[in-house]
């Protein structure tokens with residue numbers, strides 16, 4: 001059983017367990033509800049506590065996280081593991097792998113691969129990906145091993161894309177994105193939910209440009225739709241006007257993720273990196289080193 005332990009600072013004395021958990025640790029109401037319903041889920045100096053109990057300076061507040069049984073099928077996929085501890089698993093996702101099982105991809109998802117990793121390392125956790133990447137987008141994926149690891153973490157991602165055409169400078173795209181009419185997959189700019197993308201041109205060669213991207217929002221296909229909206233679709237992204245002459249998928253890679261967590265202080269500020277995938281280097285040998 002994983003136990004999270006915290007010592008109450010002086011300035012939180014006199015506040016409730018719930019206030020400290022919600023505001024100081026950024027833990028969710030759902031997490032606290034789960035802990036209240038778990039025998040010994042919330043402890044103060046080793047004794048059962050309630051969320052309304054008042055804290056004293058120097059007390060040890062502990063959350064005992066219940067063990068979980070996996071309910072999905074492991075499949076033998078070996079993923080590069082960038083980092084692992086009791087709270088977090090960080091892996092590199094290859095192309096052609098969806099995050100969750102879907103029609104036509106019942107056993108080759110990241111969920112199935114993570115299940116295999118857990119089984120072969122003697123672990124049992126539910127699958128909790130902190131965010132999703134498109135099936136053909138590669139790079140860093142963070143997987144929380146319990147509810148506190150998910151609700152207490154913010155992940156700031158940096159993407160790189162190779163776009164068609166030569167682009168100079170930097171910019172900000174603030175255009176809403178929604179599901180295109182008569183489509184269950186493609187997104188269309190100009191309708192739907194607000195979406196903001198920041199882009200910076202890194203270098204250009206042979207009619208293509210390497211672009212670094214950061215997102216303010218996380219809409220489906222956001223980078224792909226916004227760059228196509230600018231007239232520079234991603235290489236390989238034939239859904240949004242790109243061609244597959246050089247690469248057989250959208251040229252989009254999640255190259256780094258920085259983690260911010262109040263609940264897991266040892267992870268706060270950590271950055272995880274993923275190098276260029278092989279098909280990127282084969283298609284664009286002029287790319288600078290990450």
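Each value in this text was obtained by applying a stated rule to the coordinates, not by laboratory testing. What you are looking at is a predicted structure, and each value in this text was computed from that prediction instead of being measured. Every residue, glycine as well, gets a Cβ built from its backbone with ideal geometry; the counts of neighbours run over all protein chains shown.
Compared with the alpha-carbon gap, the fully stretched path from residue 132 to residue 205 is longer by 23.3 nm at 0.36 nm per residue. Computed from the Kirkwood radius of its Cα pairs, the Stokes-Einstein diffusion coefficient for segment 3-64 at 20 °C and 1.002 mPa s stands at 191 µm²/s.
Taking all Cα-Cα distances within segment 177-224, those exceeding 16 Å account for 48%.
Where does the Debye-calculated log10 I(q)/I(0) of segment 83-207 sit at q = 0.11, 0.19, 0.22 Å⁻¹, using only Cα point scatterers of equal weight, no solvent? Results for segment 83-207 at q = 0.11, 0.19, 0.22 Å⁻¹ read -0.54, -1.20, -1.31.
Between residue 75 and residue 1, the simple spin-label model (points 7 angstrom out along Cα→Cβ) gives 3.5 nm. Using a cutoff of 8 angstrom between alpha carbon atoms and counting only pairs six or more residues apart, the relative contact order for segment 107-186 works out to 17 percent.
Figure legend: label point modelled 7 angstrom from the Cα of residue 86 along Cα→Cβ; residues of segment 139-156 with amide N under 15 Å from it are 145-149. Under Stokes-Einstein, with the Kirkwood radius over Cα pairs as Rh, the value for the chain at 37 °C and 0.692 mPa s is 157 µm²/s. Just so you know, the averaged projected area of the alpha carbon convex hull for segment 156-253 sits at 5.9 nm². How far, in degrees from 0 to 90, does helix 110-120 lean away from the longest principal axis of the Cα atoms of the chain, to the nearest 10? So the helix axis and the longest Cα principal axis differ by about 50 degrees. Computed from the C-beta positions of residue 19 and residue 286 and an R0 of 35 Å, the FRET efficiency is 0.05 to the nearest 0.05. Kirkwood hydrodynamic radius of segment 251-290, from the reciprocal of the average inverse Cα-Cα distance over all distinct pairs: 12.0 Å. Please work out, to two decimal places, the log10 of the ratio I(q)/I(0) at q = 0.12, 0.13, 0.14, 0.15 Å⁻¹ from a Debye calculation in which every Cα of segment 35-136 carries one identical scatterer. Those come out to -0.55, -0.61, -0.67, -0.72, one per q.
Ranking of 87, 67, 237 by neighbouring Cβ atoms within 10 Å, starting from the fewest: 67, 87, 237. With contributions of -39500 (n - 2.57) from each DSSP H run of at least four residues, the per-residue ellipticity at 222 nm computed over the chain stands at -3500 deg cm²/dmol.
Given their separation in residues at 0.36 nm each and the Cα-Cα distance between them, residue 57 and residue 278 gain 74.2 nm when the chain is fully extended.
Note on segment 216-290: Kirkwood hydrodynamic radius from all Cα pairs is 14.4 Å, rounded to one decimal.
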